[in-house]
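The values are calculated or read from the model by the stated rules, or taken from the named source; none is laboratory data. Note that the structure is predicted; figures quoted are calculated from it, not measured. Virtual Cβ from ideal backbone geometry, glycine too; neighbours counted across all protein chains shown. Surface areas here come from the heavy atoms of the whole protein model, side chains and all, with no ligands, DNA or RNA. Shrake-Rupley method; radii C 1.70, N 1.55, O 1.52, S 1.80 Å.
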Amino acid sequence: MSVQNPSRLLDLAGKHLLRDDALAFSALEDLPTELFPHLFMEAFHGRHIETLKAMVQAWPFVRLPLGGLIDMPHMGPLQAVLEALDGLLAQKVRSRRCKLRVLDLRDTGQNFWSMWSGASSYERSSSRMAPVAEQSSTAKRHLAPLKIFMDLCLKKRTLDNFLTYLLRWVEQRKASVHLCCKKLKISAMPMDNVVKILSMVQLDCIQEVQVNWIWHLSTLATFASFLGKMSNLQRLCLSPIHLSAFTKQEQDHLVQITSQFLRLGHLQDLHLDYPSFLEGFLDQMLRCLKSPLNNLSITNCWLTESDLTYLSQSPNISQLKGLDLSGVTMTDFNPEILHVLLEKVEATLQELDLDLCGITDSQLEAILPALSRCSQLRYFSLCENFLSMAVMEKLLRHTAGLPCLTQERYPAPQESYRSQGVLLEGRLAQLRAQLLEVLRDLGRPRIIWISPSPCLHCAMSLLRDEALAIWSLEYLPMELYPTLFMAAFSLRRSETMMAMVQAWPFAHLPLGGLMKKPHQETLEAVLDGLDVLLAQKVQPRKCKLRVLDLRNTGQDSWNI
């Protein structure tokens, strides 16, 4: 006698039941629990809508991971499930076997469905099901609100059909349905729509927030009123925040924002990219943190020396595992501040990123003793700082004893460049060979990356988002301006060129060296930038422009 594959038996049983909806309905009350997921998948993919509704109302698990069945929620199955939930919510006494409390629309749950679709389902059914299908009283089941879990990604200016339908459904049933979101990502959606959506979400469920859109400080202040109610928030990423001028009103906005951090008792990771509002006010934000952070990232902004001093003394960084200060210019800061900062975190720090900080030889030498005691350090990056070969060798010797360090990214030594910043490829190859000899002498196998200053390709990547490229100019190191200008020129990014003219950090702009014959579009963008510059009563602190050169000269200035 042959024994058929259990998976084959499931297929046969499911197809037999789905031939007749009435038969499927009557069978649900006595259907073995282990057959429910497989039959649900058959009904779902076969578009047996009535059977799908009946199964939802008799679902024997606490959670229905619907998002794990579909790549992107669409109206058909979702509408059927929500209609079934309407019937379930209207019941005074629910089915004796229905345990459904959570509809999960996130892209998770694949393990749940795959567990019940294979031959091993029968072998694991009792042990896997027991904790999920616990009995509880009818009264408790009736009173508990239904939870709908989904990750919100608000990247369109208007709501799509799916989200519109779901939000309307939830709003009409807010007494018995809670919309829960653990991950919230906001890109291009206007704040009015964001406010409408957040007013329907259980804010204390949110654990991660990511904002990838240019907001004014006033917009962030509006969002802050919701942020303060996210009491279980663990990770917050904001990028970037625009501040045109620091007025009394903007100062009030800053107080409104930072005060909400007092309510975020579970915050572990804080990432702020282009936070223009922090200069001179970092202490105000750090004082409002309720608990030590695991990861702190403050990048591409101006900070004062007192800001960094306060950071090095803050009790909330004593347990940091990751610290990223890339793009924060520290050239004129007291070297001792960085030393104190590393001493504070040396017992726990695993990742340290100091790219584009303008760090000098003396500053790096000051932190080497503390750096050599960061025994947990796994990743260290110093790219795009200008350091001498001698200090680079000292760096390699001081970090040789760090047992966990596996990723090291360093800049090409200063000696690799001409005085105008032109990279000498042959000289760089020689210096790399010398550093390799240093590593061999130290006797410990290591892999390090030696990276020259950003190339044209890197600037092209930045210009994929022109608004972000323009916003970054205030914090862009001087040596990167020619590269970014050439990229903007080749891509015809007129707005970026116009903004760069107003912040040009050199006395001379040799525009003629980029083109054999000036063309109108490029020239108009540059002249528009000059118009704005000439109209300003106070010239931007970074701008040094005095000469616009349209002659066919200056090619050497762009040869980087």
Review point. Restricting the search to region 223-237, which residues are open to solvent by less than 10 Å² (accessible area, probe 1.4 Å) and of a type in the set (A, V, I, L, M, F, W, C)?
Key: Phe223, Ala224, Leu227, Met230, Leu233, Leu236
Review point. When region 155-185 is examined, which residues are found to be over 24 Å from Ala80 (Cβ atoms), open to solvent by less than 20 Å² (accessible area, probe 1.4 Å) and either in contact with a helix residue (DSSP H, G or I) (Cβ under 6 Å, 6 or more places away or on another chain) or hydroxyl-bearing (Ser, Thr, Tyr) (or both)?
Key: none
Exercise for review: Go through region 1-75 and tell me which helices (runs of 4 or more DSSP H), entirely inside it, have 2 or more residues that are modelled with pLDDT of 85 or more.
Suggested key: 36-45, 49-57
Check your understanding: Among Leu220, Leu270, Leu254, which is open to solvent by less than 40 Å² (accessible area, probe 1.4 Å) and either under 23 Å from Glu351 (Cβ atoms) or among the polar types (S, T, N, Q) (or both)?
Key -> Leu270
Exercise for review: Pairs only if they're at least six apart or on different chains, beta carbon under 7 angstrom, first in region 348-373 and touching a residue at least 60 places away in the same chain (Cβ under 8 Å), second hydrophobic (A, V, I, L, M, F, W, C) and outside any helix (DSSP H, G or I); list them, first residue then second.
Suggested key: Gly358/Met330
Exercise for review: Report yes if some residue within region 326-344 is assigned to a strand (DSSP E or B) and open to solvent by less than 10 Å² (accessible area, probe 1.4 Å); otherwise report no.
Suggested key: no
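Checking the condition within 20 Å of the chain's Cα centre (by Cα), at pLDDT 95 or above and in a strand (DSSP E or B), which residue from Leu293, Leu270, Leu320 passes?
From the options Leu293, Leu270, Leu320, the qualifying one is Leu270.
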Check your understanding: Restricting region 364-391 to residues that are open to solvent by 10 Å² or more (accessible area, probe 1.4 Å) and in contact with a strand residue (DSSP E or B) (Cβ under 8 Å, 6 or more places away or on another chain), which is farthest from Pro335 (Cα to Cα)?
Key -> Arg378
Practice item. Just give me the residues in region 392-431 being open to solvent by less than 10 Å² (accessible area, probe 1.4 Å) and either over 34 Å from the mean Cα position of the chain (by Cα) or farther than 20 Å from Leu364 by Cα (or both), in sequence order. Key: Ser416, Leu428, Leu431
Check your understanding: If we scan region 235-257, do we find a residue that is modelled with pLDDT of 90 or more, of a type outside the set (A, V, I, L, M) and part of a strand (DSSP E or B)?
Key -> yes
Review point. Looking at region 538-556, is at least one residue within 21 Å of Leu476 (Cα to Cα), of a type outside the set (S, T, N, Q), in a helix (DSSP H, G or I) and at pLDDT 70 or above?
Key: no
